[in-house]
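K.L.:
My questions all concern the structure below.
The values are calculated or read from the model by the stated rules, or taken from the named source; none is laboratory data. Just so it is clear, the model here is predicted, and its values are computed rather than measured. Here the Cβ is made from the backbone with ideal geometry for all residues, glycine too, and neighbour counts use every protein chain on show. Protein only, heavy atoms only, side chains kept; ligands, DNA and RNA dropped before computing areas. Shrake-Rupley method; radii C 1.70, N 1.55, O 1.52, S 1.80 Å.
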Amino acid sequence: MSKILVLGSCGQIGTELVLALRHKHGNQQVIAADLRDDSPQIINNGPYVKLDVLQREEVRTYIIGQKIDEVYLLAALLSATAEKNPDFAWKLNMEGLFTILDLAKEGHIKKVFWPSSIAVFGPTTPANSTPQHTIMEPSTVYGISKQAGERWCEYYHHKFGVDVRSIRYPGLISYKSLPGGGTTDYAVDIFYKAKSEGKFSCFLTENTALPMMFMDDAIRGTIELMEAPAENIKIRSAYNLAGCSFTPAELAAEIKLFVPNFHIDYQPDFRQAIADSWPNSIDDSQAQKDWGWKAQFDTKALVRVMLENVNS
Ligand code: NAD
Ligand code: AKB
């Protein structure tokens, strides 16, 4: 039985990933690790350790001592927060990755998951149905760190045989945990405001289309990728993965079907430039071909589930 460590486990993805992995492998097999300890959902139902991914020696000692087989490295600064603190974003987003890749290279870890993002694409990338292989000139510090991370993952795989796997997640929509400082966060916040106030002020313009995905699809995709036979994983940088794609106006129109008096207005801020540099939609045919990926939630389905589950 594999012993799994999720680093950065108390955030938007980690909370749901830990629960899903514990359901699959057993609670004691999946260790949650974070700087934070304010996520009772995962801290109370299995092992938790306070770890700072920037403390390389501490992380090494813990992973070697606990005989960890698989690491999911989620700790990072997301796009909007990273633009406010570029030096630290680069440090956090890169140093933890090297610590984990080196442990895998030395044979201490068998498998690594490290998430990339649609932020690896930039203003010169074809914006519609963005292909797996295309122009990648990211214009944000977050995107630059993700693109560099992808290159290093591929390098460690080819050069040292490290079994590292990755997904370019779109904006993730969830109700079990809140998002942590991204440009796509509006598409979660809108549901809380629709239910509690019946109105929402959006920091992107009405026609800004972005790739998005419901969290259940993202978690299932992550686990399916990690369980796929190694020989099927042809991409060792990161896979494009598509869920759905919508603009704030299209999302608001879907919400109005359930909340008829819902009102949205638009007050774009610095996040508009980030969103403008990202694709509108993603071509994920390579992931479909290599390991059978298929999204289950379209925009209508995720709107219904979100409105049923967010607290007003
Ligand atoms: P999040 O901000 O919600 O969670 C990150 C977690 O990492 C937090 O709990 C935080 O406390 C922890 N952390 C931060 N610094 C740490 C450190 N030094 N040591 C240990 N833990 C630390 O982020 P998320 O949305 O869960 O994203 C996880 C990963 O997925 C990130 O790499 C992110 O770039 C990537 N991603 C997320 C999305 C999305 O829409 N959520 C989309 C694309 C990619
Ligand atoms: C963000 O908006 O920064 C993230 C992402 C798409 O990487 N949700």
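K.L.:
Just to verify a result, which residue in region 129-147, among those that are β-branched (Val, Ile, Thr) and in a loop (DSSP other than H, G, I, E, B), is farthest from ligand 1 (Cβ to nearest atom)?
P.N.:
The extreme case among them is 135.
K.L.:
Hey, another quick one. Determine whether residue 223 is more than 13 Å from ligand 1 (Cβ to nearest atom) and not assigned by TED's automatic domain parsing to the domain that holds residue 274.
P.N.:
Details: more than 13 Å from ligand 1 (Cβ to nearest atom): yes; not assigned by TED's automatic domain parsing to the domain that holds residue 274: yes.
Yes.
K.L.:
Would you pick out the residues in region 216-231 that are open to solvent by less than 50 Å² (accessible area, probe 1.4 Å) and under 18 Å from the mean Cα position of the chain (by Cα)?
P.N.:
Across region 216-231, the qualifying residues are 217, 218, 219, 221, 222, 223, 225, 226.
K.L.:
Now for a separate question. Can you give me the ranges of the helices (runs of 4 or more DSSP H) entirely in region 1-117 with at least 3 residues that are within 19 Å of the chain's Cα centre (by Cα), surrounded by fewer than 23 Cβ atoms within 10 Å (Cβ to Cβ) and within 16 Å of ligand 2 (Cβ to nearest atom)?
P.N.:
The qualifying helices (runs of 4 or more DSSP H) are 79-84, 86-105.
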